[in-house]
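For reference, the structure is listed below as structure tokens.
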Amino acid sequence: MKTVISGRIRSFDEDNRIISIYCRDRIRYFYIQRSLLNHIGKFLDLNRFVQFTIAEGTRPLDGHIVQTINYFIKIMEIRYRKNIVYYDVKNIKEGTRKLINSLDYKMFLDLEMSMHPYRQNPDFIQEIIQVGYLIVDAKDNVVATYNQVVQPTIHKRLSRRTTKFLDLTQEDIDNGIPFEAFYEHFRQVINEYDPAIIVWGRNDFLALRQGYKVNKLPSLHKHTRYINLLKLHKNYFHLKNDLGLFNALRLYEEDDNSQSHNAFEDAQVTYRIFKGFADVLNHRIRVDVSQYK
């Protein structure tokens with residue numbers, strides 16, 4: 001059972017990330033983790049009303065006995081006529097639900113990258129070597145799929161680490177398409193469907209940006225809109241650490257041990273996670289994330 005603390009901020013030590021609250025007839029001190037402070041720090045100020053949940057247990061820190069804040073529920077300034085709400089987790093969750101429900105065409109994208117060799121090579125650049133996606137419309141009809149091996153531009157031969165980790169061979173790579181061919185296809189698909197591109201984490205977005213640069217092609221950044229499904233999960237469920245793709249899948253489906261490191265199959269997994277998350281947002285199902293907190 002979570003413990004909720006409410007009160008006005010009496011002091012705020014930003015260097016040590018400690019706030020104090022007068023509650024239950026005494027002053028209590030609470031520690032804010034750095035990632036959480038980065039998220040809500042701009043809303044914190046003396047005398048503002050805060051409501052948050054705390055972790056069990058206490059510890060000494062900078063001369064105080066502190067408890068760690070799990071997440072903030074509300075931050076507001078109480079005024080005579082009308083309160084000013086700076087942060088409200090209910091509004092954020094409702095905003096996430098509206099965003100997900102408003103999406104029309106959605107591309108579920110996954111990329112596989114070449115991997116560094118076992119021997120250190122400071123000149124090595126990771127490159128996209130496999131692309132998988134599926135596009136669905138607003139009614140969940142699959143309107144397009146793509147599963148393609150892409151030839152690296154700089155390091156033509158795969159490292160042994162790559163072939164060991166991925167289900168790809170050097171022959172597969174040699175028979176793949178040049179990055180320019182993928183780029184042209186990707187550009188046309190974006191123009192045709194204007195999809196929201198759903199990815200798990202930031203790596204795929206960063207890999208595409210690097211691919212444009214390496215191949216001296218115009219960036220498609222201004223023509224694309226990415227939704228980081230991992231970040232939505234972290235914010236909605238108040239997770240401290242990143243959640244792995246297949247751990248996320250286990251929130252919504254029975255574990256089938258299907259992890260394969262294949263771009264198209266992982267894109268399909270991202271789609272299945274998205275549908276489960278949408279069910280949570282729309283209150284059709286509930287999931288237990290306690291093991292990941």
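The values are calculated or read from the model by the stated rules, or taken from the named source; none is laboratory data. Worth saying up front: this structure is predicted, and the values here are computed from it rather than measured. A quick note on method: Cβ atoms are made from the backbone with ideal geometry, for glycine too, and the neighbour counts reach across all protein chains shown.
What to note about this one:
- Looking only at residues in region 9-39 that are in contact with a helix residue (DSSP H, G or I) (Cβ under 9 Å, 6 or more places away or on another chain) and within 11 Å of Thr68 (Cα to Cα), the one that is surrounded by the fewest Cβ atoms within 10 Å (Cβ to Cβ) is Arg17.
- Complete set of residues in region 39-75 that are under 16 Å from Asp13 (Cβ atoms) and of a type in the set (S, T, N, Q): Asn47, Gln67, Thr68
- Selection count where residues are assigned to a helix (DSSP H, G or I) and touching a Ser or Thr at 6+ places or on another chain (Cβ under 9 Å), scope region 198-209: 3
- Considering region 90-129, and only residues there that are at pLDDT below 95 and among the β-branched types (Val, Ile, Thr), the residue that is farthest from the chain's Cα centre (by Cα) turns out to be Ile125.
- Here region 162-197 is the region considered, the condition is being touching a residue at least 12 places away in the same chain (Cβ under 8 Å), assigned to a helix (DSSP H, G or I) and charged (D, E, K, R), and the residue that is nearest to Leu134 (Cα to Cα) is Arg187.
- First in region 110-136 and without any contact (Cβ under 8 Å) to a residue 60 or more places away in the chain and among the small types (Gly, Ala, Ser), second anywhere and surrounded by 16 or more Cβ atoms within 10 Å (Cβ to Cβ) and part of a loop (DSSP other than H, G, I, E, B), Cβ under 7 Å, 6 or more apart: Ser114/Gln126; Ser114/Glu127; Ser114/Pro152; Ser114/His155; Ser114/Leu158; Ser114/Ser159
- Subset of region 38-81 that is more than 26 Å from the chain's Cα centre (by Cα) and among the small types (Gly, Ala, Ser) - its residue that is farthest from Ile27 (Cα to Cα): Gly57
- Residues located in region 88-108, provided they are in a strand (DSSP E or B) and over 25 Å from Phe49 (Cβ atoms): Lys106, Met107, Phe108
- Residue match in region 254-277 (condition: closer than 26 Å to Ser35 by Cβ, loosely packed, with under 15 Cβ neighbours inside 10 Å and without any contact (Cβ under 8 Å) to a residue 60 or more places away in the chain): no
- The sole residue among Ala144, Ala138 that is of a type in the set (Gly, Ala, Ser), in contact with a Leu (Cβ under 8 Å, 6 or more places away or on another chain) and assigned to a loop (DSSP other than H, G, I, E, B) is Ala138.
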